[in-house]
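Here the structure comes first, spelled out in structure tokens, and everything after it is commentary.
The values are calculated or read from the model by the stated rules, or taken from the named source; none is laboratory data. No experiment lies behind these values; they were computed from the predicted model shown. Here the Cβ positions follow ideal geometry from the backbone for every residue, glycine too, while neighbour counts run over all protein chains shown. For accessibility, only protein heavy atoms count, side chains too; no ligands or nucleic acids. Shrake-Rupley method; radii C 1.70, N 1.55, O 1.52, S 1.80 Å.
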Amino acid sequence: MNAPKVRAVDGDEMRQLIPALADILVDCVAGDASVSFMAPYGMEEAMAFWEKVADAAGKDQVSVLVAEVDGIPRGTVQIAYDLPPNQPHRGEVRKLLVHRSARGRGLGRALMTAAETVAAARGKSLLCLDTASPAAGHIYTELGWTRVGVIPDFALLPKGGFCDTVIFYKRLR
């Protein structure tokens, strides 16, 4: 597997990538990732989710980054900017997703590094995120994010059962 290529995509290009992005999302939910959706979760639901994200990207409310390996999308992350008027300086990192077949190859790190670069270029000085994944929490710490704390029983796992969430932030320089 070659090194991932990470790039930002606009709403129009996203629409072309929806099947591939939906496949990544369905795979993550099938792997019991707590990313807002419950099992069973199928392609039709995932494609409808990505249509909404493409609409938001078209309105400049979110940046979507895609990590491709050999030209095939295998990971993605979003930076949301549609925040209250008193928070123009920050963005929220959402839905860091890496297909299980591509994990352990640096896609998550590459996506997060690119997300920080994109947010800084947009004038953001602070990023926030939450994660239910202990593995992802390790990546964020390695990339210089500050762990704020844990909220117990924050959400349900796709196959049932509560999971905690960990809150992180990072000041961009």
Tabulated pairs, the stretch 4-33, first over 18 Å from Ala110 (Cβ atoms) and assigned to a loop (DSSP other than H, G, I, E, B), second open to solvent by 60 Å² or more (accessible area, probe 1.4 Å) and of a type in the set (Lys, Arg), C-beta under 6 angstrom, 6+ apart or interchain: Gly31/Arg100; Asp32/Lys159
I'm trying to understand the selection: among the residues of the stretch 110-163, which are open to solvent by 40 Å² or more (accessible area, probe 1.4 Å), among the basic types (Lys, Arg) and under 23 Å from Asp82 (Cβ atoms)? Arg122
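Scan Leu107, Leu97, Leu83 and give me the residue that is farther than 15 Å from Lys170 by Cα, open to solvent by less than 10 Å² (accessible area, probe 1.4 Å) and out of contact with any Leu (no Cβ under 9 Å at 6 or more places or on another chain). I'd like the intermediate steps shown before the answer.
On the way: Leu97 fails: out of contact with any Leu (no Cβ under 9 Å at 6 or more places or on another chain); Leu83 fails: open to solvent by less than 10 Å² (accessible area, probe 1.4 Å).
Unique residue meeting the criteria: Leu107.
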Check the stretch 42-55 and report whether any residue there is within 22 Å of Arg103 (Cβ to Cβ), open to solvent by less than 60 Å² (accessible area, probe 1.4 Å) and not in a helix (DSSP H, G or I). yes
Here are Val69, Val29: which of them is over 23 Å from Ala132 (Cβ atoms), touching a Pro at 6+ places or on another chain (Cβ under 8 Å) and open to solvent by less than 30 Å² (accessible area, probe 1.4 Å)? Val69
Among (1) surrounded by fewer than 17 Cβ atoms within 10 Å (Cβ to Cβ); (2) in a helix (DSSP H, G or I) - the single one Ser36 does not satisfy: (2)
